[in-house]
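The values are calculated or read from the model by the stated rules, or taken from the named source; none is laboratory data. Keep in mind it's a predicted model, so treat the numbers as computed, not measured. Note: ideal-geometry Cβ built from the backbone for every residue, glycine included; neighbour counts use all protein chains shown. We work out accessible area using only protein heavy atoms, side chains counted, and drop any ligands, DNA or RNA first. Shrake-Rupley method; radii C 1.70, N 1.55, O 1.52, S 1.80 Å.
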Amino acid sequence: MTNNTDIHEVASFLADYASHLLGCGATCIRIEKNTHRMAEAFGVESDISIMPTHIYVTACGKDASHNGVAIRKTASCGINFNLNARLSRLSWEVADNRLDFATAVKRFNKILETKPTGKWEVLFLTSFANAAFCRLFGGDPSAMLIVFISTLAGYRLKQIMLSDRRDVRLVFLCASFFSAALSAGGQLFGIGSTPEIALGTSVLYLIPGVPYINAVSDIIYKHYLCAFSRFADAAVLTACLTVGLCTGMLILGLKWF
Amino acid sequence: MCNDLLVNIFEDGLFAAIAAIGFSSISNTPRRAYLTCALIAAAGHSIRYVISLPDFGGMNIIISSTLAAFAIGILAVLFASRIKCPAEVCFFPALLPMIPGMYAYRTVEALISCLCNTQEETFRHYFYLLAYNGLTCTFIVLGMVVGATIPVFMFKKLSFTATR
């Protein structure tokens with residue numbers, strides 16, 4: 001990189017790249033490694049600071065007076081492992097195949113156009129998954145059917161509310177309320193022998209597992225701020241789903257446990 | 001008896017695999033990773049099932065979950081490069097079926113029962129249940145996550161070149 005324009009473009013690109021990795025649920029160590037790998041391939045020195053909601057990237061050419069800084073807000077692309085895998089692969093393509101900067105940017109933009117998994121596919125697979133979950137916790141076939149139906153309805157509500165751009169905390173609260181209210185039918189009408197397992201399992205598809213796991217990974221690599229932020233986000237969502245579950249039981253007049 | 005045990009292990013693995021595929025789809029995991037996630041989940045869950053059986057040592061649920069998660073982590077690191085995905089893409093859906101959902105549910109149950117019962121004896125009973133279920137749940141999750149993350153940390157080079 002020979003001039004100031006180039007170095008700024010590189011810093012901007014790296015910041016965009018890192019912000020999308022952070023947004024799609026990559027761990028801090030992966031973001032650091034991938035970004036440095038690409039910066040090295042472009043022939044610049046880089047440093048990255050990962051904050052809970054922002055990414056700061058500085059890039060510096062061979063001549064120390066040529067440097068660029070870019071700050072990006074974390075991309076709101078939601079947890080997306082496909083994007084994570086493809087962005088990670090891009091960093092290796094840049095490093096191993098010595099892709100030039102323009103091609104790397106082009107490929108990056110193409111990766112961002114990747115479509116998420118089909119909503120109906122996710123809806124049914126999640127419902128089957130939660131029903132299987134119920135079986136693992138000792139639920140009988142009736143409980144599994146109740147969990148399947150309540151997950152199907154709750155997850156569809158989640159999809160609709162998220163596409164309407166509602167606040168994610170409200171979405172979790174409403175979806176868990178809806179699922180809990182439906183699965184409470186098992187207890188109200190005495191369906192099957194394990195209705196309490198159906199009720200307990202019906203909201204588990206909402207547990208934000210990725211942020212919890214990433215938080216531990218960040219702690220191992222000493223990214224304490226990000227770890228705390230991810231943990232707090234996940235804890236808030238877990239609290240919302242608990243409130244939804246309890247409200248459902250309260251309104252339906254179920255005996256408190 | 002041996003047949004019953006095998007059927008139970010198979011059943012446990014099968015439902016864990018179905019759960020893993022479903023939870024993979026929520027996180028937009030690439031389709032080529034579904035089968036790997038399912039197999040790793042089935043292996044992990046079956047390992048936990050077997051080592052927690054009284055005939056096979058009857059290991060405590062926290063230790064058995066940690067060991068099973070460690071196995072999941074190792075398998076994820078080994079298989080990640082085959083499907084060109086980061087290791088965490090494989091182990092996250094595989095870990096989910098081991099989440100102690102019923103302990104979490106019983107913790108909330110005990111918390112609300114605590115708040116609704118002010119008599120000392122009853123309160124103490126529910127507080128005991130709150131602490132028991134809450135601590136068990138927390139340490140299972142912690143053990144699982146640490147157990148699965150350690151292999152990524154141990155085989156750093158292999159883990160971070162999976163997408164190469």
Within region A:54-78, the residues that are open to solvent by 60 Å² or more (accessible area, probe 1.4 Å) and closer than 30 Å to residue B:37 by Cβ are A:76
Leading residue by the ranking (nearest to residue A:216 (Cα to Cα)) among those in region B:42-94 that are hydroxyl-bearing (Ser, Thr, Tyr) and either in contact with a His (Cβ under 9 Å, 6 or more places away or on another chain) or outside any helix (DSSP H, G or I) (or both): B:81
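Here is a yes/no grid of residues against (1) within 27 Å of residue A:199 (Cα to Cα); (2) modelled with pLDDT of 85 or more:
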position: B:57; (1), (2): no, no
position: B:62; (1), (2): yes, yes
position: B:67; (1), (2): no, yes
position: B:70; (1), (2): no, yes
position: B:74; (1), (2): no, yes
position: B:77; (1), (2): no, yes
position: B:95; (1), (2): yes, yes
position: B:99; (1), (2): yes, no
Report, by residue number, each residue of region B:114-164 that is part of a loop (DSSP other than H, G, I, E, B), under 30 Å from residue A:81 (Cα atoms) and either open to solvent by less than 10 Å² (accessible area, probe 1.4 Å) or within 13 Å of chain A (Cβ to nearest Cβ) (or both). B:161, B:162, B:163, B:164
Give region B:49-69 a look and list any residue that's of a type outside the set (S, T, N, Q) and within 16 Å of residue B:151 (Cβ to Cβ), or say none. B:67, B:68, B:69
I'd like the residue in region A:186-204 that is open to solvent by less than 10 Å² (accessible area, probe 1.4 Å) and of a type outside the set (A, V, I, L, M) and, out of all such residues, is nearest to the other protein chains (Cβ to nearest Cβ). A:200
Out of all the residues in region A:205-218, which are open to solvent by less than 30 Å² (accessible area, probe 1.4 Å) and at the interface with chain B (Cβ under 9 Å from one of its Cβ atoms)? A:205, A:209, A:210, A:213, A:214, A:215, A:216, A:217
Assess whether residue B:48 counts as being charged (D, E, K, R), over 25 Å from residue B:158 (Cα atoms) and open to solvent by 70 Å² or more (accessible area, probe 1.4 Å). no
Filter region A:126-166 down to the residues that are open to solvent by 70 Å² or more (accessible area, probe 1.4 Å) and of a type in the set (Asp, Glu) and list them by number. A:164
Test of understanding: among B:110, B:33, which residue is closer than 30 Å to residue A:114 by Cβ, within 14 Å of chain A (Cβ to nearest Cβ), part of a helix (DSSP H, G or I) and over 14 Å from the mean Cα position of the chain (by Cα)? B:33
Here's a check for you: in region A:219-257, which residue that is at the interface with chain B (Cβ under 10 Å from one of its Cβ atoms) and within 20 Å of residue B:160 (Cβ to Cβ) is least open to solvent (accessible area, probe 1.4 Å)? A:221
Looking at region A:82-92, is at least one residue under 19 Å from residue B:18 (Cα atoms) and of a type in the set (Phe, Trp, Tyr)? no
If I filter region B:64-82 down to residues being open to solvent by less than 20 Å² (accessible area, probe 1.4 Å) and farther than 23 Å from residue A:207 by Cβ, which single residue comes out as farthest from the other protein chains (Cβ to nearest Cβ)? B:77
Would you mind stating whether residue B:99 is surrounded by 20 or more Cβ atoms within 10 Å (Cβ to Cβ) and facing chain A (nearest Cβ under 8 Å)? yes
Please note which strands (runs of 3 or more DSSP E) are completely contained in region A:25-124 and include at least 1 residues that are within 11 Å of chain B (Cβ to nearest Cβ). none
Exactly one of these conditions fails for residue A:26: (1) touching a residue at least 60 places away in the same chain (Cβ under 8 Å); (2) out of contact with any Pro (no Cβ under 8 Å at 6 or more places or on another chain). Give me its number. (2)
Would you point out the residue of region A:132-160, among those that are more than 16 Å from residue A:248 (Cβ to Cβ) and under 19 Å from the mean Cα position of the chain (by Cα), that is farthest from the other protein chains (Cβ to nearest Cβ)? A:160
